[in-house]
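Before any comments, here is the structure.
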Ligand SMILES: [Zn+2]
């Protein structure tokens, strides 16, 4: 890393980043009930207006697009595709001030450093505050889907928080759905970088300050049914029973073992016992299972094992939705690791178990993500917390990565 980069990284204003987190974090904050900045609600729109004003104050060419994304452009020295940075500022009901906001405000802190040192990079820079990332609408992450030109109007018919449908929510807040669907990215992009809190306990438990995200995990869902025979719970002797819940029990335990053996995660999040009465032996059990992992070959193996375990216990194993893993770009992961060395921070590679706007941006350009620790792995809750030094570390690594990519791309 060049001497000039060291000076620039040293000029990164971490205190300003922390102050911005507090200012934005007060918009839509309900003491005792966390952040209430749900997509397209009044507090969300107020937060977006504040982000827009910050971009304009930094000399960016900024506007809010048809989907509510705040998009700011900072000119470069050369006529090159832009490097994009960003995340989201909407929240879940009762969220924390770090989820999403850190990535947007960290990106603004990068621009501020360049502006205050009077520097321009070779590449133009795009900072994006994506709308409706959280699953409070039926089409989320919706702002980034619209940004990449892949928002499907049919997905807007599903429910949104406090509304009959996402369409109703949008129309009530004055959004033009046809324009959202017609939205297209402004120009080709060289790369997308997203700084985000981990929302898990991997980094905090190991005291590692930076996670280099290898990709966003694939998700596979299955519907498993065990058919027994419903019967009288008082008059049917134990030897004569075909209890569907007892058939399902070994399978439920085996899901955990299979997940651990393959270093993936597996969850049965829904279970129905029919007919569901205390005096009736369960005749039918249905359960929803999902597994998540980065590697399709590993997921294939786990899936085969789970299917045969279900069959061995008399169950029917049906395949449901499947989302492919979205790997990050290795050259960008390398750049983040060089940036960590330049800043003097340890890092580790890890998958993201949660979805992010970056998985949509992957359709446009190479992407990578930088994770910082979440205290106790808590997120989507008012107790969500990331230490000040971790927020600043993340911002510095984002900036150092940007400087590296400006030369290497
Ligand atoms: Zn987020």
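Listed values, structure above:
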| quantity | calculated |
| --- | --- |
| Rounded if a/c under 1.5, otherwise prolate or oblate - segment 92-148, Cα gyration tensor axes | oblate |
| Gaussian network model of the chain, Cα within-10 Å springs - most flexible of 40, 222, 74 | 222 |
| Efficiency of FRET from Cβ geometry, residue 236 and residue 42, R₀ 56 Å, rounded to 0.05 | 0.45 |
| Hypothetical label at residue 349: residues of segment 286-301 whose amide nitrogen lies under 14 Å (7 Å Cα-Cβ projection) | 294-295 |
| Cα gyration tensor shape for segment 126-196, rounded if a/c is under 1.5, else prolate or oblate | prolate |
| R0 of 45 Å, Cβ-Cβ distance residue 363-residue 172: FRET efficiency to nearest 0.05 | 0.95 |
| Highest-fluctuation residue, 202, 30, 88 considered, GNM on the chain with Cα pairs under 10 Å | 30 |
| Where a label projected 7 Å from the Cα of residue 19 along Cα→Cβ would reach, residues of segment 26-61 with amide N under 18 Å | 26-27, 50-59 |
| Pair residue 53, residue 78: separation of 7 Å Cα→Cβ label points (nm) | 3.8 |
| Rounded FRET efficiency, nearest 0.05, which uses the C-beta distance separating residue 305 from residue 389 and R0 of 41 Å | 0.45 |
| Fluctuation leader among 90, 288, 13 - the chain, Gaussian network, Cα springs under 10 angstrom | 288 |
| Theoretical gain in end-to-end length, residue 207 to residue 329 [0.36 nm per residue, Cα-Cα removed] | 41.4 nm |
| Descending Cα extents along the principal axes, the chain, whole Å | 84, 47, 39 |
| Computed [θ] at 222 nm, helices only, for the chain once each DSSP H run of length n ≥ 4 contributes -39500 (n - 2.57) | -11500 deg cm²/dmol |
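Read the figures in this text as sums done on the coordinates, not as results from a lab. Every value quoted in this text rests on a predicted model; they were computed, and no experiment measured them. Note that each Cβ is placed from the backbone with ideal geometry, even for glycine, and that neighbours are counted across all protein chains shown.
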